[in-house]
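In what follows, a single structure is set out as structure tokens and then discussed.
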Amino acid sequence: MESQSRIGRETLDTLMVLRQIERAGVEVWGVREGRRISLKSDSEELLAMVESWRDASERRKVSPVVRSRAHQRHAQGFVATGKVYGYDNVRTCGGCGKTCKHPSVRVVNETQAAVVRRIFR
């Protein structure tokens, strides 16, 4: 897997899932670390616990920043989240390429909006 943080968001949850995976006879390997992620020895268990704690700590630090930035984007009239049925997300630049980072605005998708209106009627 790409990172141990992909298994779970909280330290205990991550370690319990790792234990279940190992009990099922499956090995977990970290691509970036180039090593097995395991709870079979004391040192491996300690390393898994520390890495899981670090991942959870980082998530708690980053979460308020991401939320604040999303509120700012919304206040500026830009899309702050993903797709919403009834609307299309349209880049403000017109779509300058696959890696375009310009903000998007929501534009009503009339076909989908008709379905939403029917549901609310």
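The values are calculated or read from the model by the stated rules, or taken from the named source; none is laboratory data. Worth saying up front: this structure is predicted, and the values here are computed from it rather than measured. Virtual Cβ from ideal backbone geometry, glycine too; neighbours counted across all protein chains shown.
Some observations on this one:
- Of note, Asp55 satisfies the criterion of being modelled with pLDDT under 90 and under 25 Å from the mean Cα position of the chain (by Cα).
- Strands (runs of 3 or more DSSP E) completely within the stretch 1-113 that count 3 or more residues being touching a His at 6+ places or on another chain (Cβ under 8 Å) and surrounded by 15 or more Cβ atoms within 10 Å (Cβ to Cβ): none
- Near pairs, Cβ below 8 angstrom, 6+ apart or cross-chain, from the stretch 107-121 (at pLDDT 95 or above) to any residue that is surrounded by fewer than 11 Cβ atoms within 10 Å (Cβ to Cβ): Gln112/Tyr85; Val115/Tyr85; Val116/Tyr85
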